[in-house]
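J.: Starting off with a structure, shown below.
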Amino acid sequence: MDDKITVYEKPTCTKCREADRLLRESGVDFEKVNYYLEPIGEAKLRELVGKMNIAPRELLRTGEAVYKELELGKRELSDEELIRLMAENPDLIQRPIVERGPRAVLGRPTERIKDLL
């Protein structure tokens, strides 16, 4: 099993910086992926949603301008359509997402990350 920890983040995000601090203080090795520079593709998003055991809609950032522009709160969209929209618009993705082997968590609150350690 791949036990590597990967953090999908936006470096300027406060919760992402908290995740970085928690992992460094825990003394574990981890890799960071700035998903604005290295976009998360649809297949990987689908995999992460499955590992987190959530519906794609739960991963949406509802306060973002693009969420409002696309009227996502008013539209009935399939999981596949939501994943496609998140892959195309990274601002829609909640962060940080921390992945370790067969599991992943949304690091909101940051303490959730401890479940993977």
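J.: For the range 1-88, state which chymotrypsin sites (Phe, Trp or Tyr not before Pro) are in a DSSP loop and have at most 16 other beta carbons lying within 10 Å of their beta carbon. Don't skip to the end; give the middle numbers.
T.: Working: sites: Y8, F30, Y35, Y36, Y67; in loops: Y35, Y36.
Passing sites in the range 1-88 are Y36.
J.: Note the angle between two axes, namely the Cα long axis of helix 14-26 and the longest principal axis of the Cα atoms of the chain, as a number of degrees from 0 to 90, rounded to the nearest 10.
T.: 20 degrees
J.: How much net charge surrounds K15 when only other residues with a Cβ under 14 Å from its Cβ are counted (Lys, Arg +1; Asp, Glu -1)? Don't jump to the answer; show the numbers that get you there.
T.: Details: positive: K10, R17, R21, K32, R61, R95, R108, R112; negative: E9, E18, D20, E111.
Computed value for this residue: +4.
J.: Which angle from 0 to 90°, rounded to the nearest 10, does the C-alpha axis of helix 42-52 make with the longest principal axis of the chain?
T.: For 42-52 against the chain, the angle is about 60 degrees.
J.: Moving on. On full extension of the chain, what length is gained from A55 through E31, given 0.36 nm per residue of separation minus the C-alpha to C-alpha distance?
T.: Gain on stretching A55 to E31: 6.1 nm.
Every number here is computed from the coordinates shown, using simple stated rules; none is lab data. All values derive from a computational prediction rather than experimental measurement. Cβ coordinates were reconstructed from backbone atoms using ideal geometry, including for glycine residues, and neighbour counts include every protein chain displayed.
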